[in-house]
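> This is the structure I have questions about; it appears just below.
Just so it is clear, none of the values below were taken in a lab; they were calculated from the coordinates. Fair warning: this is a prediction, and the values are worked out from it, not measured in the lab. A quick note on method: Cβ atoms are made from the backbone with ideal geometry, for glycine too, and the neighbour counts reach across all protein chains shown.
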Amino acid sequence: MKKSKKVSIDLSQEYYPKEAVIITCCQFLRDNYVFLEKRKDIRVMLTPKKAGGLQKIEREFRNELINNTLRYYISQKNKGIREYIVKTALFCSQPEEAADDLLLKELEGAQAAGWQEDPLGIAIPWEEKNRKNKDKKKK
Amino acid sequence: MSIMEIRFDNFFYAAPAIKKAIREYNGLADFSCKEKNRCTVVTVGNIRERGLVSLFKQEFSNCVLSMMGVLK
């Protein structure tokens, strides 16, 4: 009777997400030939490159799959927090020169306007400003 | 001249990964690709190296899986 050179592992999708299975398969690529099929459940076929140790490979695969499944579920739970941390880190890493450039542009704009132009109405005397407000109230 | 068909289930194997693997193996054989029954069927023919024929399907499948890891 010929010894089987490969091992087939059937995995229920109820317990093992597809992503975790694929990650586990990638970890076993170096020493095995791996092929995935979709039957009723997920079927993983492992053929070791070097003869021997089929049961050991299957047990190692199943163990690693549990680890990756746990990592997957944790990463799903922490996704929002991780994105927030990365966004905050990127925002804080912006150079300070960017803020200085904005200030310079404002000053240049103000200078270009000339001393006679008064876009913010600073040069209007207080009495004149209040007179305008009194007129508005009377109306 | 042997021709082999490899069926990659679209549930696991992404089309970009398969195409990238075909590009990697371009010089070793002739490839054609089609979609059939939610699978990508890759037809391989004219394998240049005779010594590779027996292991070609397995090595190519491994390459596709490794490309999946890269793409993710």
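> In the set A:GLU83, A:GLU58, which member is charged (D, E, K, R), under 26 Å from B:ASP9 (Cα atoms) and assigned to a helix (DSSP H, G or I)? First the steps, then the outcome.
Details: A:GLU83 fails: under 26 Å from B:ASP9 (Cα atoms).
Every option except A:GLU58 fails the conditions.
> If I ask for residues that are more than 26 Å from the chain's Cα centre (by Cα), more than 11 Å from chain B (Cβ to nearest Cβ) and hydrophobic (A, V, I, L, M, F, W, C), which ones from the stretch A:1-30 would you list?
Correct list: A:MET1, A:VAL7, A:ILE9, A:LEU11.
> Right, here's the next one. Tell me, which residue of the stretch B:11-43 that is buried (at least 16 other Cβ atoms within 10 Å of the Cβ) and closer than 17 Å to A:CYS25 by Cα is farthest from the chain's Cα centre (by Cα)?
Per the criteria, the residue is B:PHE12.
> Same structure again: What residue, of B:GLU35, B:GLU5, is without any contact (Cβ under 8 Å) to a residue 40 or more places away in the chain, assigned to a strand (DSSP E or B), of a type in the set (Asp, Glu) and touching a strand residue (DSSP E or B) at 6+ places or on another chain (Cβ under 7 Å)?
B:GLU5
> Can I ask one more? Filter the stretch A:31-71 down to residues that are within 10 Å of chain B (Cβ to nearest Cβ) and within 17 Å of A:LYS5 (Cα to Cα), then give me how many there are.
Final tally of qualifying residues: 10.
> A follow-up question, please. Being part of a helix (DSSP H, G or I), touching a residue at least 40 places away in the same chain (Cβ under 8 Å) and either over 20 Å from B:ASP9 (Cα atoms) or not aliphatic (A, V, I, L, M) (or both), is that true of even one residue in the stretch A:38-50?
no
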